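Engineer: Supplied in structure tokens, the structure appears directly below.
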Amino acid sequence: DVKVTQSSRYLVKRTGEKVFLECVQDMDHENMFWYRQDPGLGLRLIYFSYDVKMKEKGDIPEGYSVSREKKERFSLILESASTNQTSMYLCASIMTSGYNEQFFGPGTRLTVL
Amino acid sequence: GQQVMQIPQYQHVQEGEDFTTYCNSSTTLSNIQWYKQRPGGHPVFLIQLVKSGEVKKQKRLTFQFGEAKKNSSLHITATQTTDVGTYFCAGPHTGAGSYQLTFGKGTKLSVIP
């Protein structure tokens with residue numbers, strides 16, 4: 001079974017702190033994604049990566065950056081956390097054959113005080 | 001940009017009643033995917049539809065893809081409490097090799113025992 005893990009289930013940070021969210025997948029997937037999920041807004045794509053060291057902006061990249069140094073690991077970075085970045089963050093990876101279904105991690109609920 | 005709209009946003013049903021959620025895209029889709037997110041969980045892939053007019057069934061769930069490949073529906077017959085959750089449709093971005101998905105905002109289903 002594909003497994004996507006995220007470093008923390010819950011995280012509380014203070015405004016202005018630098019925040020790292022880590023995501024690891026164990027199925028050698030090339031494409032990985034970071035979403036944020038907010039009530040009434042659904043899933044919104046922040047960034048994605050289609051290969052090591054490659055990244056593309058999604059729909060809401062402002063205030064975020066990403067890093068993909070190894071194929072299995074995709075990190076989301078909040079350079080200076082703000083209260084409006086309080087949200088559920090979901091990482092996903094995708095098979096590039098067959099159904100192209102996205103496999104999601106369990107999510108990190110981030111609260112910025 | 002591409003938009004995927006989903007209605008209704010919320011649906012409360014008595015256990016045993018049927019439920020339907022509808023998905024409409026602003027552009028023609030090569031395929032459409034459906035995901036389910038249980039309360040406190042992460043989205044899990046249910047199915048992908050590819051062909052115009054396609055109908056697929058999974059036990060009490062029936063998925064349809066419209067003839068014009070711009071709309072889709074998910075119908076649950078005789079809902080059970082295990083059906084509770086948020087159902088998302090998602091369509092791929094256009095462009096060769098693109099594995100990005102645009103998600104609808106989801107329909108949150110509550111089932112009253």
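Engineer: Residues with amide H under 5 Å of residue B:102's amide H, sequence separation 5 or more or different chain, H placed in the peptide plane at 1.01 Å from N; which?
Structural biologist: B:91, B:93
Engineer: Also: With just the Cα atoms defining each centre, how far is region B:60-112 from region A:1-36? Give it in Å.
Structural biologist: Computed from Cα coordinates, the inter-centre distance equals 25 Å.
Engineer: If I take R0 = 22 Å and measure r between the Cβ atoms of residue B:50 and residue A:26 in this structure, what FRET efficiency does the formula 1/(1 + (r/R0)^6) give, to the nearest 0.05?
Structural biologist: 0.20
Engineer: Can you tell me how much longer the chain between residue A:65 and residue A:83 gets when fully stretched, taken as 0.36 nm per residue apart minus their C-alpha distance, in nm with one decimal?
Structural biologist: Gain on stretching residue A:65 to residue A:83: 4.8 nm.
Engineer: When the Karplus curve 6.51 cos²θ - 1.76 cosθ + 1.60 is applied with θ = phi - 60°, which whole-Hz ³J(HN,Hα) does each residue of region A:49-55 get, with x for Gly and Pro?
Structural biologist: Whole-Hz 3J(HN,Hα) from phi for region A:49-55: 9, 9, 5, 4, 6, 9, 8.
Engineer: Right, something else. Calculate the mean, over all residues of peptide B:99-110, of how many other protein chain Cβ atoms lie within 10 angstrom of the residue's Cβ.
Structural biologist: 5
Engineer: Another one. Under the Kirkwood approximation for Rh and a Cα-based Rg, what ratio Rg/Rh is obtained for chain A?
Structural biologist: Rounded to two decimals, Rg/Rh equals 0.95.
Engineer: Once every Cα of the protein assembly as shown carries one equal point scatterer and solvent is ignored, give the base-10 log of I(q)/I(0) from the Debye formula at q = 0.14, 0.15, 0.18 Å⁻¹, two decimals.
Structural biologist: Normalising to I(0) and taking log10 leaves -0.88, -1.00, -1.34.
Engineer: Okay, next question. Mind listing which GluC sites (Glu not before Pro) in region A:52-113 are in a DSSP loop and have 14 or fewer other Cβ atoms within 10 Å?
Structural biologist: Qualifying residues, ordered by number: A:62, A:79.
Engineer: Same structure, new question: Got the relative contact order for region B:4-112 handy, in percent, Cα pairs under 8 Å and 6 or more residues apart?
Structural biologist: 37
Computed from the coordinates by the stated procedures, all read-outs in this text should not be read as laboratory data. It should be emphasised that the depicted structure is a prediction, and the values quoted were computed from it without experimental measurement. Cβ atoms come from the backbone with ideal geometry, glycine included; neighbour counts cover every protein chain shown.
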